[in-house]
1. Which one of Thr260, Gly102, Phe143 has its Cα pushed farthest toward the positive end of the charge dipole of the range 65-280, where Lys and Arg give +1 and Asp and Glu give -1 at the Cβ?
2. Looking at the chain, do any whole DSSP H helices span at least 15 angstrom along their long axis by alpha carbon and average 1.0 or above on Kyte-Doolittle, and which?
3. Structure shown: which of Lys157/Lys251; Lys218/Lys251; Lys106/Lys187; Lys79/Lys251; Lys79/Lys157 lie over 21 Å apart, alpha-carbon to alpha-carbon?
4. If packing is taken as the mean number of other Cβ atoms within 10 Å per residue, what is the order of 191-202, 77-88, highest first?
5. Using the Cα atoms of the range 25-134, I'd like the radius of gyration and the largest Cα-Cα distance, Dmax, both in angstrom.
6. Report the far tail of the P(r) of the chain, meaning the percent of Cα-Cα pairs longer than 25 Å.
7. Highest first, please rank the peptides 94-100, 31-37, 266-272 by the mean number of other Cβ atoms sitting within 10 Å of their residues.
8. Based on the mean of other beta carbon atoms within 10 Å per residue, what is the order of 215-227, 121-133, most packed first?
Amino acid sequence: MSSFQQTIKPRDNFFNLRLGEIWQYRDLLILLVTRDFIAKFKQTLLGPAWFIVRPLLQTVTYTFIFGSVAKLPTDGVPKSLFYLAGITCWSYFSNCLTATSGTFTKNASLFGKVYFPRAVMPISLILSNLIQMGIQMILFLLFFFTYLIKGAHIQVKPELYLFPVLILIMGFMGLGLGMFISAVTTKYRDLSYLVTFGTQLVMYGTPVIYPLSLLEQKAEKWAWIVKYNPMSSIVETFRYSFLGSGEMRWKLLLYSGVFTVIIFLLGLLVFNRTEKNFMDTV
C-alpha cells in the first residue's frame, strides 16, 4: 500500500518564480475562485446584481457631474457610454490591486496552518474579479447596442481583437502591484491604508472621466503624466476599439505591456521571497 509524501524544502534562489508549483495546485485555485465569488454576494439582497448596480450608479453620477455640470467633452460619444467604458476598465484593475494588496495580512491565520503556494491566493482574486468584470461587460454591451440601434456616432474598430490583451495587461498589472504592496505591508502595516486612497487618486490621473485629447489641448504641460500612466493607454484603446473614440497609440500600449511584465515579475519575486518569513512580521 503506497502513501503519498511531499517534501517541502526552502528555496534560496531569489529568481525562482515557482510557476510549476502553482500549476500543481490548480484545483485549489479553482476552489478559491468559487469561494471568493460566492462570498461577495452570499448575504446580500441583490446578489451578483451589485456588480451591475455599482457601475450603473457611477455612470449616472459621472454623467451628471462631469458631463452635465462640468461639461467635459467625450469625443462625440454618448456621455453615459463614454463613462461606462472607462469605469469598466478601471474597476477591474482597481479591484485586482486592492484585493491582492492585503494577501498576507488578511490570510495570516490560514497561511500559518497549511502549506500551499501563497501566490495561489492573489491569483484566485484576479480570476474572481474577472468574473465580476464579465458581468459588468454585459451592462456595457447593453448600453453599447442600445445606442448603436439608436444611431449614435459609434464606430467599432478592427483593433477590437486587442480586447483579450487589454484584459491580460490589466489583470497582471493589478496582480504584480498588489503582490508587491502585500509583501511590503507585512513590515510596514500603515502603507495598506494608502492603497484605497492612492488608487482613487490615480484614477483621476487616468482618462476615465475625460479623453486624453482634452488634456493634451488644455493642459499640455501636464499631459505627459497621464500619457505615461500605464493604465491610460488601456482605457484609451478600449474606447477606441469599441466606440471609435480617441486614437490608438501602439507605442503607449507597448509601454503598458512592458511595464506590466516588469512589475509582475518583480511583484512575484518579492512575494515569493517574503512568504518565507512573513509570519515573523505579520
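Values quoted throughout were computed directly from the atomic coordinates according to the rules given, and no laboratory measurement underlies them. On a predicted model such as this, the values are computed, not experimentally measured, just so you know. Neighbour counts run over all protein chains shown; Cβ positions are idealised from the backbone, glycine included.
1. Result: Gly102, furthest along the dipole toward the positive end.
2. Numbers: long enough: 26-41 (24 Å, 0.95); 50-62 (18 Å, 0.78); 79-100 (32 Å, 0.65); 120-149 (43 Å, 1.95); 163-185 (33 Å, 2.10); 193-203 (17 Å, 1.28); 232-243 (16 Å, 0.47); 250-274 (36 Å, 1.58).
Sorted by number, the helices that extend far enough and score high enough are 120-149, 163-185, 193-203, 250-274.
3. Lys218/Lys251; Lys79/Lys251
4. Working: 191-202: 13.8, 77-88: 23.0.
Taking the mean over residues of other Cβ atoms within 10 Å, the ranking is 77-88, 191-202.
5. For the range 25-134, the Cα radius of gyration and maximum Cα-Cα distance read 17.6, 56 Å.
6. 51
7. 94-100, 266-272, 31-37
8. Numbers: 215-227: 12.8, 121-133: 21.8.
Result, highest mean Cβ count within 10 Å first: 121-133, 215-227.
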